[in-house]
1. Take MET88 and tell me if it is of a type outside the set (Asp, Glu), over 14 Å from the mean Cα position of the chain (by Cα), in a helix (DSSP H, G or I) and at pLDDT 95 or above.
2. Within region 48-69, count every residue that is exposed (fewer than 13 other Cβ atoms within 10 Å of the Cβ) and over 22 Å from PHE131 (Cα atoms).
3. List pairs: first residue in region 6-19 and free of Cβ contacts under 8 Å to residues at least 60 places away in the same chain and exposed (fewer than 12 other Cβ atoms within 10 Å of the Cβ), second residue not β-branched (Val, Ile, Thr) and not in a loop (DSSP other than H, G, I, E, B) anywhere in the structure, Cβ distance under 9 angstrom, at least six positions apart or on different chains.
4. If ILE76 satisfies every condition in (1) free of Cβ contacts under 8 Å to residues at least 60 places away in the same chain; (2) in a helix (DSSP H, G or I); (3) touching a helix residue (DSSP H, G or I) at 6+ places or on another chain (Cβ under 9 Å) but one, which is the exception?
Amino acid sequence: MKTFTPTEVTGFASRLGLPLDSETLERIMDHVGGHPYLVHLMLYHLARNPASREQLFHTETAARDVFRDHLHRYLIQFQRDEKLAGAMKDVVMGIGCKDLRMVERLEAAGLVRRDETEQVIPVCRLYAEFFKKELA
């Protein structure tokens, strides 16, 4: 999955009439990792309700509100496929995943990526925090 760069996120935000300071941009990139759909949701909600800014960066609150449907679609998939759920749980717990087939499925779903050392990690902090809690 191709993710947005900070420059692309800034451009997208400006098209929504939402100027981003460097701190907010950094927080967005940390929280949703440039994931296009998550960036879109986050910027849309920031543009519509600037007062909700802090809630969007609080995973537990955002998971019940802005990102609820998106995250729960994955939970349903994990309920149907225990092996995939176990692989994601291992990733968010920092154990990693040795099953290449499961890694490929998680990558294809946009949930994980390989870092510079080839470790399998969640693509963003939102996924890491949410699935760590939900799959524990």
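1. no
2. Looking only at that region, the number is 4.
3. GLY17/ALA47; PRO19/ALA13
4. (3)
The values are calculated or read from the model by the stated rules, or taken from the named source; none is laboratory data. It should be emphasised that the depicted structure is a prediction, and the values quoted were computed from it without experimental measurement. All Cβ positions, even for glycine, are placed from backbone atoms using ideal geometry, and neighbour counts span all protein chains on display.
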